[in-house]
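Chemist: Would you mind keeping the following structure in view while I ask a few things?
The values are calculated or read from the model by the stated rules, or taken from the named source; none is laboratory data. As the structure is a prediction and not an experimental result, all values here were calculated from the model. Reconstructed Cβ throughout: ideal geometry from the backbone, glycine too, with neighbour counts over all protein chains shown.
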């Protein structure tokens, strides 16, 4: 079994890498942080690939490395993410695109790059690390925009890829002790807000991989059992 994890050098990605390696997966860690990525890969007996997920070519390289490692691609965890870098009042087109380039384009490129090997084996599971900010309003507006888009992408991709034997799901963590909240973590603690450990989210990813569902989004919050979101029962629009 092989697994590719983007954003695998730290936080949730590193926790997922450790869990899947412990289960016998040949893990490829993809990240822009080469030093920490190599450390994680070395510790779990995996492979590191430097990859900017905003680049279609880098995603293709990462997938190729995973296929080379074990001859197939069973699991892809699209976990790389960055916090918002601007809002309406301090808007910058460059900073806006940087946020969507990682958080949304990176998932699109990651899914596309994974399709050929997964279709060839008629099986595969893709998990996207989204966020509670993808289900509810957030003051980090463009981060939330990208995360909401991820949920629509996951649900639509699941519908389109089911016939290929490919499952696509999302986990939606609440506050988690990663670099994304490092700058304001003390304020969160002072406010008494619960912060999950990355391994709790990794355990939820593992549970989703073990399941049979597709097109699901799982809420993961500190000290609580993961729960699947109940979406409205609507008929997909048919575009002529």
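Chemist: Are any residues in segment 114-139 more than 30 Å from residue 224 (Cβ to Cβ) and surrounded by fewer than 23 Cβ atoms within 10 Å (Cβ to Cβ), and if so, which ones?
Modeler: 115, 116, 117, 119, 120, 121, 122, 123
Chemist: Let me spell it out: the conditions are (1) under 21 Å from residue 75 (Cβ atoms); (2) over 18 Å from the mean Cα position of the chain (by Cα), and residue 169 meets all of them except one. Which number is the exception?
Modeler: Here residue 169 clears every test but (2).
Chemist: Only residues that are under 14 Å from the mean Cα position of the chain (by Cα), in a helix (DSSP H, G or I) and at pLDDT 95 or above: list them for segment 116-132, please.
Modeler: Result: no residue meets the conditions.
Chemist: Being over 17 Å from residue 122 (Cα atoms) and surrounded by fewer than 21 Cβ atoms within 10 Å (Cβ to Cβ) is the filter; apply it to segment 64-81 and report the residue that is modelled with the lowest pLDDT.
Modeler: Per the criteria, the residue is 69.
Chemist: Another one. Please enumerate the residues belonging to segment 207-223 that are buried (at least 17 other Cβ atoms within 10 Å of the Cβ) and either free of Cβ contacts under 8 Å to residues at least 40 places away in the same chain or in contact with a helix residue (DSSP H, G or I) (Cβ under 9 Å, 6 or more places away or on another chain) (or both).
Modeler: The answer is 209, 214, 215, 216, 217, 218, 219, 220, 221.
Chemist: Considering only segment 67-115, state which residues are under 20 Å from residue 25 (Cβ atoms) and outside any helix (DSSP H, G or I).
Modeler: The answer is 71, 72, 73, 74, 75, 76, 77, 78, 79, 80.
Chemist: Still on this structure, please answer the following. Being surrounded by 17 or more Cβ atoms within 10 Å (Cβ to Cβ), under 23 Å from residue 9 (Cα atoms) and touching a strand residue (DSSP E or B) at 6+ places or on another chain (Cβ under 8 Å) narrows it down to one residue among 84, 110; which is it?
Modeler: 110
Chemist: Here's a follow-up. Kindly indicate the residue of segment 224-240 that is out of contact with any helix residue (DSSP H, G or I) (no Cβ under 7 Å at 6 or more places or on another chain) and at pLDDT 85 or above and also farthest from residue 176 (Cα to Cα) among those meeting that condition.
Modeler: The qualifying residue farthest from residue 176 (Cα to Cα) is 232.
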